[in-house]
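Visitor: My questions will all concern the structure given below.
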């Protein structure tokens with residue numbers, strides 16, 4: 001197969017060279033074409049080598065690790081992570097059946113949803129062929145949490161990796177494209193909650209990724225023409241954002257296991273706190289630009305799960321000053337990390353990294369306040385000055401009043417001082433767009449410029465959503481929660497309601513459980529069931 005592909009590629013290259021000469025193009029274009037093909041081959045060879053290594057690990061983990069053991073220091077071990085070889089053996093044995101189920105699921109469930117979300121000109125989308133291959137995903141280990149988790153739930157982290165030989169072909173009209181050599185790796189957190197007194201001993205099963213999972217793939221068919229570095233990065237960015245909006249913290253998938261489980265209670269477990277990050281300045285950054293372009297143009301990117309913040313870019317400066325702040329919600333500090341990366345912005349090319357910092361949120365929670373210089377990793381020199389405040393969450397209205405915070409060495413911005421959790425359960429009696437034509441509704445929920453959307457429900461006037469959203473609130477007195485139901489196809493409004501945040505603050509414990517509001521569209525009213533919880537930020541100084 002590889003030899004045939006090489007023969008076709010060589011023949012095509014010779015034809016293009018002849019065509020360039022025949023049409024009288026400049027030899028510069030020929031050199032550009034050759035340079036691009038050489039670069040593309042080098043990138044593909046590197047990806048193939050990585051894929052072979054991952055597949056060897058999936059098939060013969062023990063032999064592969066032993067072969068590489070000499071490269072590892074003797075102190076490397078993972079005492080809190082348990083091996084689950086029995087589970088990997090079961091997955092391998094059951095893989096053919098799992099493949100059959102996954103194929104039916106993609107055809108019967110995923111394909112119709114993709115069609116509904118594509119423009120009309122692409123509604124002919126279909127899976128032409130689905131082959132999940134012979135190499136199953138592998139679980140690298142499982143970590144069970146025993147401390148600081150409460151008695152109402154069990155928490156485990158599962159390291160999952162896939163470097164298989166799957167091949168997916170899709171068709172849109174007369175065009176075909178495909179994805180193969182898919183690689184996937186991430187840490188999946190599983191929550192069993194609430195614990196109950198009858199089989200199977202827990203009421204619901206929640207899963208989410210702590211951070212964005214890493215993945216890679218190779219395009220084939222029509223996709224070969226899209227296999228340019230810029231387009232591939234853009235495509236991966238779109239997939240990343242879709243995964244993040246579905247199941248990267250603070251987003252999660254909640255699956256009820258027993259009947260009559262309270263989905264609102266299962267989904268509305270409070271976050272552990274909020275981390276406020278101050279990105280102050282940097283010094284002695286590496287210069288990634290050449291002499292013609294000047295110095296680096298640095299910016300900082302931070303991420304906690306799918307909560308990503310990017311500072312402004314400081315042009316032509318190796319000692320930039322930002323003085324910016326951002327808040328991030330921390331669901332559970334155990335196992336979660338804060339990733340900070342400094343980049344050199346290169347318009348039209350891939351931004352180059354100038355260093356990174358990786359901090360445990362457990363560590364920041366224990367310290368409660370830090371203002372210090374941090375050395376950048378992965379580079380020869382460069383450091384970043386950062387500040388961190390840890391806020392607990394309070395049910396007391398008195399904590400909305402001004403709190404004394406330690407000075408971080410710069411003037412802080414006006415940021416949030418409350419967290420609002422919104423659980424959208426269901427809506428009833430939505431209006432039809434036209435007579436006997438049911439809408440495909442979703443709900444848009446917002447506070448100011450922060451906007452979230454529920455998943456779409458197909459052709460119904462009584463949709464059930466059961467989704468949770470978190471908002472950082474700047475002004476409890478003046479901010480309002482806005483909810484609007486819309487039809488996916490026509491984008492027409494099906495009703496809306498405004499809820500002042502100050503009204504929630506007046507309730508006992510600042511909570512409203514399974515309350516009903518009315519989505520108004522003229523005289524038509526559609527009841528919407530919500531659970532709302534408001535929490536104040538509370539700074540607790542560290543003990544001396």
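The values are calculated or read from the model by the stated rules, or taken from the named source; none is laboratory data. Just so we're clear, the structure is a prediction, and the values are computed from it rather than from any experiment. Glycine gets a Cβ as well: all are built from the backbone with ideal geometry, and neighbour counts include every protein chain shown.
Visitor: Test residue 376 against the criterion of being over 18 Å from residue 537 (Cα atoms), crowded, with 18+ Cβ neighbours inside 10 Å and more than 23 Å from the chain's Cα centre (by Cα), and give yes or no. Don't jump to the end; show me each part of the working.
Guide: Values: over 18 Å from residue 537 (Cα atoms): yes; crowded, with 18+ Cβ neighbours inside 10 Å: yes; more than 23 Å from the chain's Cα centre (by Cα): yes.
Criteria met by residue 376.
So that you can scan it fast, the table gives a plain yes or no per residue for (1) modelled with pLDDT under 95; (2) outside the structural domain of residue 154 (by TED's automatic domain parsing); (3) assigned to a helix (DSSP H, G or I); (4) in contact with a strand residue (DSSP E or B) (Cβ under 6 Å, 6 or more places away or on another chain):
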site	(1), (2), (3), (4)
308	yes, yes, no, no
317	yes, yes, no, no
325	yes, yes, no, yes
332	yes, yes, no, no
342	no, yes, no, yes
346	yes, yes, no, no
350	yes, yes, no, no
357	no, yes, no, yes
362	yes, yes, yes, no
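Visitor: Checking residue 503 against (1) assigned to a strand (DSSP E or B); (2) free of Cβ contacts under 8 Å to residues at least 24 places away in the same chain, which single condition isn't satisfied?
Guide: That leaves (1) as the condition not met.
Visitor: Follow-up. Residue 348 passes all but one of (1) buried (at least 16 other Cβ atoms within 10 Å of the Cβ); (2) free of Cβ contacts under 8 Å to residues at least 40 places away in the same chain; (3) in contact with a helix residue (DSSP H, G or I) (Cβ under 9 Å, 6 or more places away or on another chain); which number fails?
Guide: (1)
Visitor: Just to check your reading of the model, which residue among 310, 367 is in contact (Cβ under 8 Å) with a residue 60 or more places away in the chain and surrounded by fewer than 18 Cβ atoms within 10 Å (Cβ to Cβ)? Please lay out each step first, then the result.
Guide: Working: 310 fails: in contact (Cβ under 8 Å) with a residue 60 or more places away in the chain.
Matching residue, one of 310, 367: 367.
Visitor: Hey, another quick one. Applying the selection to segment 266-288, what residues are farther than 21 Å from residue 537 by Cβ, surrounded by fewer than 17 Cβ atoms within 10 Å (Cβ to Cβ) and modelled with pLDDT under 90?
Guide: 287, the sole residue that qualifies.
Visitor: Can I ask one more? Taking the stated definitions as given, is residue 511 surrounded by fewer than 18 Cβ atoms within 10 Å (Cβ to Cβ), closer than 13 Å to residue 421 by Cα and in contact with a strand residue (DSSP E or B) (Cβ under 8 Å, 6 or more places away or on another chain)? Talk me through it step by step, then tell me what you get.
Guide: Values: surrounded by fewer than 18 Cβ atoms within 10 Å (Cβ to Cβ): yes; closer than 13 Å to residue 421 by Cα: yes; in contact with a strand residue (DSSP E or B) (Cβ under 8 Å, 6 or more places away or on another chain): yes.
For residue 511, the condition - surrounded by fewer than 18 Cβ atoms within 10 Å (Cβ to Cβ), closer than 13 Å to residue 421 by Cα and in contact with a strand residue (DSSP E or B) (Cβ under 8 Å, 6 or more places away or on another chain) - is met.
Visitor: Considering only segment 506-544, how many residues are without any contact (Cβ under 8 Å) to a residue 40 or more places away in the chain and under 30 Å from residue 406 (Cβ atoms)?
Guide: Summing the residues that are without any contact (Cβ under 8 Å) to a residue 40 or more places away in the chain and under 30 Å from residue 406 (Cβ atoms) in segment 506-544 gives 2.
Visitor: A further question follows. Hey, among the residues in segment 162-177 that are buried (at least 18 other Cβ atoms within 10 Å of the Cβ) and either at positive phi or part of a strand (DSSP E or B) (or both), which one's modelled with the lowest pLDDT? Write out each step before concluding.
Guide: Initial filter on segment 162-177 (buried (at least 18 other Cβ atoms within 10 Å of the Cβ)): 162-164, 166, 168-170, 177.
Keeping just the survivors that are either at positive phi or part of a strand (DSSP E or B) (or both) gives 162-163, 168-170, 177.
On the way: 162: 88, 163: 86, 168: 84, 169: 85, 170: 79, 177: 75.
Only one residue fits best here, namely 177.
Visitor: Name the residue that is nearest to the chain's Cα centre (by Cα), counting only residues in segment 380-402 that are farther than 17 Å from residue 275 by Cα and in a strand (DSSP E or B).
Guide: 384
Visitor: Are any residues in segment 468-496 in contact (Cβ under 8 Å) with a residue 60 or more places away in the chain and closer than 27 Å to residue 400 by Cβ, and if so, which ones?
Guide: 468, 470, 472, 473, 474, 476, 481
Visitor: Examine segment 196-212 for a residue that is over 28 Å from residue 259 (Cα atoms) and loosely packed, with under 13 Cβ neighbours inside 10 Å, and state whether such a residue exists.
Guide: no
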